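J.: Before anything else, here's the structure in question.
Please treat every number below as a calculation from the coordinates, not as lab data. No experiment lies behind these values; they were computed from the predicted model shown. Here Cβ is always computed from backbone atoms with ideal geometry, including for glycine, and neighbour counts include all displayed protein chains.
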Amino acid sequence: MERIVGTYVGQGAACPLFRLDDGELITLTGRLPGMMPGSAYEFEGRWRVNAGCMQGRTFDVQAWVRHAA
């Protein structure tokens, strides 16, 4: 499993958009919390291939922690 940290951006074309702390915009699938744009999270999971999200790389979330703003 890998960990990523960043901020929820909003709904993308097919999947939620998430901006990593390094600036990369990715999409999310899996066990997601109810998220508000601008909220910071740490996710644990795996990178997916051919997820169908259509916007950048996709991370499949297995566990998460919300970070204080």
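J.: Taking a point 7 angstrom from the Cα of residue 13 along the C-beta vector, which residues in region 44-66 have backbone N less than 19 Å away?
T.: 48-60
J.: Hey, another quick one. When the chain is treated as a GNM, springs tying every alpha-carbon pair under 10 Å, which of 19, 48, 57 comes out with the largest mean-square fluctuation?
T.: Looking only at 19, 48, 57, the largest GNM fluctuation is found for 48.
J.: Tell me, in nm to one decimal, what length is gained between residue 39 and residue 21 on full extension, where the rule is 0.36 nm per residue of separation less the Cα-Cα distance?
T.: Result: 5.2 nm gained on full extension.
J.: Quick one: work out the % antiparallel among DSSP beta bridges in the chain, nearest 5. Spell out each step's value before the answer.
T.: Working: 23 of 27 bridges.
Looking only at bridges with both residues in the chain, the antiparallel portion is about 85 percent.
J.: For every other residue with a beta carbon closer than 15 angstrom to the beta carbon of residue 45, add +1 if it is Lys or Arg and -1 if Asp or Glu, then tell me the sum. Please list the in-between numbers first.
T.: Values: positive: 3, 31, 46, 48, 57; negative: 2, 42, 44, 60.
Net charge around residue 45: +1.
J.: Enter the per residue convex hull volume of region 1-59, computed from alpha-carbon coordinates, in Å³ rounded to the nearest integer.
T.: 74
J.: For the chain, set up a GNM with springs between Cα atoms under 10 Å and report which of 51, 13, 40 has the largest fluctuation.
T.: Per the Cα network of the chain with a 10 Å cutoff, 13 tops the list.
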